[in-house]
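To start, the structure itself, in structure tokens.
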Amino acid sequence: MSAILFDRIDEPGLNDIATYERRGGYEALRKALAQPREGLLEELKASGLRGRGGAGFPLGMKASFIPGADIDKYLVCNADESEPGTFKDRELMQKNPHMLIEGMIIAAFTVGANRSFIYIRGEYVLQADVLEQAIAQAKAAGFLGENILDSGFSLDLVLHRGAGAYICGEETGLLDSLEGKRGNPRLKPPFPANQGLFQGPTLINNVETLATIPAIIRMGGSEYAKLGIENSAGTKLVSVSGNVQRPGNYEIELGMSSRDIIFGLAGGPDEGREVKFWFPGGSSSPVLTAADLDITYDFDAMAKAGTMLGSGAIIVVDDSNSVVDVALTLASFYKHESCGKCTPCREGTNWTVKMLQRVQSGEATPMDLDIIASVQEQIIGNCLCVLGDAMAMPVGSLVAKFRPEFESHIEAARERNGLGLTPPPASEEPVLSL
Amino acid sequence: MTDVTRFTHGSRIPGWDDSVDPNKAPAGIPDLATTPVPAELREEIQAEMAKYPVFRSALIPALHAAQRVHGWCSPEAIEQVAAVMGITPGEVAAVATFYDMFETKPVGTQTIYVCTNISCSLRGGPKILEAMRAAADGDADFNIRAFECLGACDMAPMASVNGEFVGPLAESDCAQIVADLKGGGEVLAAKQLRVRPCADEAGRVDGGQTTTSEVTQ
Amino acid sequence: MPRPEHNEITLTIDGRDVTAIDGQILVDAARGGDIEIPVFCYEPKIGGPVGACRMCLVEIEGIPKLQTACSTPVKDGMVVHTQTDRVKGAQQSVVEFLLVNHPLDCPVCDKGGECPLQDISYGYGGGKSRFIEPKRHFVKPLGLSPLIAIDRERCILCYRCVRFSQEVSEDHQLVLLERGASTFVATFDGHPYVAPFSGNIIELCPVGALTSRAYRFRARPWDIEGSGSVCNLCPAQCNVTFTVRDDRVLRVLSRDHDGVDDGWLCDKGRFAYQATHSDERITAPLVRDGDQLRPATWERAIQVASGIARHPGAAAAIVGGETTNEEGLLLGRYMRDTLASHDIDSRQGGALSAGVLRELARTDLQATVPDLEFAHTVLLLDADPVDDAPVLDLRIRKAARRNDTQVLVASGRPTALDARAAVAVRHAPGSAASLVLALDSALSGDHGAATNHATDAGSDLESINALADALKTGGEDVVIVWGERVTDGAGGEAAAKALVNISTTLGLGTREGSGLLELPRGTNGRGLREVGAIPTAGPGLSNPVTVGRSTDQIAAAAAAGEVTALWFLHADPTRDGRNTEIWTRAMASAGLVIAHASTLSPELAEHATVVFPAEAGAERDGTITHPDGRIQRLRKAIGSPVDVRPAAAIIARIAEVGSGVDLGPATGPAATEAVSAAVSFYAGLTVDEIGGRGLRWQDRDAATNLPAGDLNGESDAPVPAASPNGALRLGTYRSIWASPEVELSPALKFLSRRPTVELSPVDAERIGVIQGQNVDIGTGTDALRATAHLRSDVPAGSVFVESGLAAPGNLPSEGQLIEVSKA
């Protein structure tokens, strides 16, 4: 398989523009600037590239939603990689920042945006520093700024560091944050393509998506589309973590078997351990079990299995772990990261954590598991953005698929904590009866 | 039994139980004429404001800058940001308290985020947090926090030490980290993310070692 | 700019055809079809939808997911379901989630009985809770400000209050802190939420989280009744509902009127009702006995006051802004027709001729309040709405925020709207007239004259041209909001003519949404002028038989012994800070001083001969005229204390006893009819026609009765601005809080003003004072001691001293030079 994004990415000094250019960097930009915008849009469409951030929306179609009118338009790169288990953009930005910058310039040229931003999560200090240097180099080399390579096209690129909030990975939360506000998601519609950053049309895409654009231009869209499989074109960076022997990022062609990724590339769980369940697309995706390992890794197969490819982050959980701990860790994370704007997410995550704490300490009954499951259903589809669903779907799937373990955990914890054997101690406060 | 949350009264959130102080003046936009701001901080914030079509976008960068100067987003720091940007300190505080990286209480200068999210917790993240706290032994200069996924699950369990990602950590590494910080030297040089090679064969080059470092401008 | 067009469409909700306006929000469209969709966060007065509470989820055919009705614009043919199991399930889920942490303390909650959460829980909730965890408990209630208490347990985070602070009042003080389930409503670092409009959040709160500290536990919804009236504390004349229990006002709520207040109230209007029931209020007539005022019988008080009949030709009246049209007309009649005195004035800064006043009143030149919202440009001329007519500040902000209206400011003191202004020009304090002349010249292309006037105004041609260009290029619909002080002093008449000229140049008379809007100093400034309570015009702005003395002239004449009887109808000129010293002398030399007042200033206490207790706002009946010509009714909400009588009845009785004349009906609908009979362009107006919403006289046929104006009279040139040479140019301003009602209301008392002087940092450094130190304004024993408040936006060379205080000091007039030194 031909590596596109990770091709010799460890080459020392690749973050330097000289090395990048020596390897053919910025050639795609020259090629793109010489083309009409409509042609570029066609190439992007022909590539079949679907957004790599999580939603999987086709890039070409998204770009075509940006109105052609001569108004202030923006390009935003979502580098707020916060989905637990995901760390692919980090490696790309750190080791090959110019590929992202080149992709962004081409994307901005395609949609006619003259201002662009990389919103990078604040915790990525090294990557932000690398990008800042790379942007300065690109500016000095005339790839950014006024009248790029005499094309008449101008682009300003600003690196914007976030400050620690998962919700800013949600595109409209990111836009609010980039406008200097609390990162609360917005109502959609209007979609960013019509009213995004500073109310202007905004193309917002993930790092990996934008970094793939130079390759698409270089190869031609239809050539790129030959990689991968139908409806899941191209290569994808997969972050494999959790209980595997060789955690890390791997570039695969979509359509590969999941087992080959987890076991072949990442080495599978430690000797003597078995896969208990795994998240195929970040912690927000409903879990799959060992029985699902032969499903191919692509958008459609995952959707068919009732889950999603998401950001391409596989988290493997082996049989040494308690499903209750995983569920509580998950729910606590989403509770912590809920922005608090909409009711079902704010209260639902909060309530779920409280119930799971009782499950963990043995204070729950099987009826509480019913309530947990029902609360997840009440969250799904009723929220302002997808964060609520992002907790409800995996937690719901864990309760559904591992209910006996939840029940036995309650029993065991109850005994361990001495609950249920004697009546609970009388409350110090008098009980009022009505 | 003692930890069972059922018998306690909800979680306490800082600020929830505080009344306003009626003797304070309402917090409108602070006037630069009466709010002294260190010149460097002011210039940095103004430079950030100039980068964006709408100056308000510079609020998060401005808070980063103010936190660097003041050590935390103190009321004074927030007022200074507000004065330079011409917005109310309330707006600044609303943003500062939303984001995890902004400290709204005084903290030590050595910032350690230990990831306790799912991938790290599967590989002992919570134990690393305990070990790190034990290693710092209550030293007020150490700000050790459990943090959500830092995006480095490949080196789990991991921590961000003053912004430098290190991992995979053994519990024994924590004492070393504390010692390195106290000594002012590099932290756990061999386990830094900047020297970690790509897991994918295709990414490797001869020698297999990589270092991301400063480039010549 | 054009108002939005309204095209009717039909959609189907729950199987019923509903007619609505294309693009209307589904919640509103459904309400129009008598179908309720429950909401918490949606409040169109605040702004666009946020979709936060998720209460309004509905099913729309063709869209797989449930949609928030608060954010969905309706389209023709849309089919909506609000009663399906899916929708009910979502509604029950949301109610259950909202009640997770909401305490069920309705029996002891102030909101109980008038609480949307309570109603919606009953109407749309599942009726049971599965939440068995302990609810959150916090200390409660906490003070959010001296006016507002916050109960954080009850808050459902609907965003209304913080959105009000960000998007309506734009004070940006009230914010959300923290994140997720820990989010809470608060201010920065424990500062109180004190802002001119803060009380509106109490009304906006859909639960009992924000309550009025003044109203808490005073009544339950079934104890009270609402009584609609109009707030008479400032010219904005907001429509209010007095909450009455046992003949006492306990609360004031907004009575939403798009043509007046847009549904908001300022905190003065909301809380100053407390002055009504203050122990310090005068509630019986007082008559001088030696050096003291003592309570007296009504007969005695009337007897003493009717002594005014013995001062024919030497009596003068100052009519305060809170006077109703009926009272103003009656007093004017008695003064002119019986006492042969033409010295009656309701303005402070000097009189304009009747001809010019009629020009300014031209119906085609008159802008309305809603015009502000849809104008291309709003120009503020030496007016700061937040202090002069607070609720209009919100209207202009709304225009700028929602409709991109261009705001222009030309003023002496920096205004609250400067931050919103495309161009903000400063003139020397008291030199607004020169600035208006300069603008007139610049607009008509006379750069020579413009330069001279600009210099006289303490400004420069460049600034004036910037203003003129913005006016010309910003779009056709222009509303000029001008403060009464523009026409103060020698150049007032010239400035008024220039205003008319500017209107002609800009074609304001030819466009529906354009025109002038004056902000008078007094609540009923416009009405009093129109009923003839001014020295230069009779009722209906008719030419007077004789032109009388204006306020300043009356003071001088009284001090000189030419005027021997003074009648202060709801007025106390010693509180204005203008010519206090002359007024004190005038009152001392007058043989008879009649006052109608609720409280006594030291000067009145020392010099008044007889004081009649004044009715409070909620006790009054009568009509007042809004600055845009809307005639509104004050309706009696509560009975007066036993010895408080309507001022009009007192005037009529004095006329009867003193002069033996019958002035005709003094109170009730007949008195209003007397006003419409006297004012030609109010002809035929009755209280029934005015009704609860009021109506603009310009919209009635009788408006054509307004006699033609006259711009050809002589007028003096304004005095050029003094150039500051070490001394500083004096400006004054009257804060929204500078009023006796604020001092009398226990809730508002903390806002009563202390002498403050605003200085530029440059002058402060030269004088050697820092923020908060005391300075002396003026020299010697006359000096006023005030606290220095440094403001970067105050131009060097000027100082602004707060006026309207209980102890105003004795300041020279606006624009004069004055020494300011460190105390």
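The values are calculated or read from the model by the stated rules, or taken from the named source; none is laboratory data. It should be emphasised that the depicted structure is a prediction, and the values quoted were computed from it without experimental measurement. Positions of Cβ are backbone-derived with ideal geometry, glycine not excepted, and every protein chain shown enters the neighbour counts. Surface accessibility is based on the protein's heavy atoms, side chains included, excluding ligands, DNA and RNA. Shrake-Rupley method; radii C 1.70, N 1.55, O 1.52, S 1.80 Å.
Quick notes on this one:
- Residue in the range B:98-114 that is farther than 23 Å from B:Ile60 by Cβ and out of contact with any Asp or Glu (no Cβ under 8 Å at 6 or more places or on another chain) present: yes
- Taking every residue in the range B:15-35 that is of a type in the set (Asp, Glu) and pairing it with any residue that is part of a loop (DSSP other than H, G, I, E, B) and open to solvent by 60 Å² or more (accessible area, probe 1.4 Å), at least 6 positions away or on another chain, the pairs with Cβ-Cβ distances below 6 Å are B:Asp17/C:Val139; B:Asp31/C:Ser792.
Rundown of residues vs (1) open to solvent by less than 10 Å² (accessible area, probe 1.4 Å); (2) more than 25 Å from A:Pro344 (Cα to Cα), yes/no style:
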{"position": "C:Cys155", "(1), (2)": "no, no"}
{"position": "C:Gln173", "(1), (2)": "no, yes"}
{"position": "C:Ala186", "(1), (2)": "yes, no"}
{"position": "C:Phe197", "(1), (2)": "yes, yes"}
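- The set of residues in the range B:69-102 that are in contact (Cβ under 8 Å) with a residue 60 or more places away in the chain and either among the aromatic types (Phe, Trp, Tyr) or in a helix (DSSP H, G or I) (or both) comprises B:Pro89, B:Gly90.
- Evaluating C:Ile582 against the criteria (1) open to solvent by 10 Å² or more (accessible area, probe 1.4 Å); (2) touching a helix residue (DSSP H, G or I) at 6+ places or on another chain (Cβ under 6 Å); (3) not in a helix (DSSP H, G or I) leaves one unmet condition, (3).
- Residue list for the range B:85-125, restricted to those being closer than 30 Å to B:Ala50 by Cβ and of a type in the set (Ser, Thr, Tyr): B:Thr88, B:Thr97, B:Tyr99, B:Thr104, B:Thr109, B:Thr111
- All conditions but one from (1) within 12 Å of chain C (Cβ to nearest Cβ); (2) within 30 Å of A:Asn417 (Cβ to Cβ); (3) in contact with a Pro (Cβ under 8 Å, 6 or more places away or on another chain); (4) not in a helix (DSSP H, G or I) apply to A:Cys339; the one that does not is (2).
- Apart from one condition, A:Asp70 fits all of (1) at pLDDT 95 or above; (2) away from every other protein chain (no Cβ under 11 Å); the exception is (1).
- Being assigned to a loop (DSSP other than H, G, I, E, B), more than 23 Å from C:Leu517 (Cα to Cα) and either within 28 Å of the chain's Cα centre (by Cα) or of a type outside the set (Lys, Arg) (or both) holds for only one residue in C:Gly658, C:Gly684, and it is C:Gly684.
- Applying the condition of being in contact with a Pro (Cβ under 9 Å, 6 or more places away or on another chain) and free of Cβ contacts under 8 Å to residues at least 40 places away in the same chain to the range C:678-719 and asking which residue is surrounded by the most Cβ atoms within 10 Å (Cβ to Cβ) yields C:Thr686.
- Those residues of the range C:494-510 which are open to solvent by 10 Å² or more (accessible area, probe 1.4 Å) and more than 19 Å from C:Thr377 (Cα to Cα), in sequence order: C:Ala494, C:Lys497
- Single condition C:Ser165 does not satisfy, out of (1) in a loop (DSSP other than H, G, I, E, B); (2) closer than 28 Å to B:Tyr99 by Cα; (3) away from chain A (no Cβ under 12 Å): (1)
- Restricting the range C:475-493 to residues that are aliphatic (A, V, I, L, M) and either in contact with a helix residue (DSSP H, G or I) (Cβ under 6 Å, 6 or more places away or on another chain) or surrounded by fewer than 22 Cβ atoms within 10 Å (Cβ to Cβ) (or both) leaves a set whose member that is nearest to C:Gln698 (Cα to Cα) is C:Val479.
- Test: residue in the range C:15-22 that is surrounded by 24 or more Cβ atoms within 10 Å (Cβ to Cβ) and either under 28 Å from C:Asp261 (Cβ atoms) or modelled with pLDDT under 95 (or both): yes
- Once the range C:101-136 is narrowed to residues that are open to solvent by 20 Å² or more (accessible area, probe 1.4 Å) and among the polar types (S, T, N, Q), the residue that is nearest to the other protein chains (Cβ to nearest Cβ) is C:Ser129.
- Per this entry, A:Lys62 is counted among residues that are open to solvent by 10 Å² or more (accessible area, probe 1.4 Å) and either touching a Leu at 6+ places or on another chain (Cβ under 8 Å) or at the interface with another protein chain (Cβ under 10 Å from one of its Cβ atoms) (or both).
- Evaluating B:Gly185 against the criteria (1) more than 12 Å from chain A (Cβ to nearest Cβ); (2) of a type outside the set (Val, Ile, Thr); (3) part of a helix (DSSP H, G or I) leaves one unmet condition, (3).
- Looking across the range B:29-47, the residues that are more than 7 Å from every other protein chain (Cβ to nearest Cβ) and assigned to a loop (DSSP other than H, G, I, E, B) come down to B:Ile29, B:Pro30, B:Thr35, B:Pro36, B:Val37, B:Pro38.
- Hits in the range B:80-96 - residues which are within 9 Å of another protein chain (Cβ to nearest Cβ) and either crowded, with 23+ Cβ neighbours inside 10 Å or modelled with pLDDT under 95 (or both): B:Ala82, B:Thr88, B:Pro89, B:Gly90, B:Glu91, B:Val92, B:Ala93, B:Ala94, B:Val95, B:Ala96
- If the condition is being among the acidic types (Asp, Glu) and open to solvent by less than 40 Å² (accessible area, probe 1.4 Å), then the range C:38-89 contributes only C:Glu43.
- Lone qualifier among C:Leu104, C:Leu117, C:Leu57 - being within 34 Å of the chain's Cα centre (by Cα) and within 28 Å of A:Lys354 (Cβ to Cβ): C:Leu117
- Test: residue in the range B:103-113 that is within 14 Å of chain A (Cβ to nearest Cβ), open to solvent by less than 60 Å² (accessible area, probe 1.4 Å), touching a residue at least 12 places away in the same chain (Cβ under 8 Å) and over 25 Å from B:Ala179 (Cα atoms): yes
- Single unsatisfied condition, A:Gly396 versus (1) more than 12 Å from every other protein chain (Cβ to nearest Cβ); (2) closer than 22 Å to C:Gly125 by Cα: (2)
- Just so you know, in the range B:126-151 the residues that are under 18 Å from the mean Cα position of the chain (by Cα) and either among the small types (Gly, Ala, Ser) or on the phi > 0 side of the Ramachandran plot (or both) include one that is most open to solvent (accessible area, probe 1.4 Å), and it is B:Ala140.
- Test: B:Ala50 is of a type in the set (A, V, I, L, M, F, W, C), over 22 Å from A:Gly173 (Cβ atoms), open to solvent by 10 Å² or more (accessible area, probe 1.4 Å) and more than 14 Å from chain A (Cβ to nearest Cβ): no
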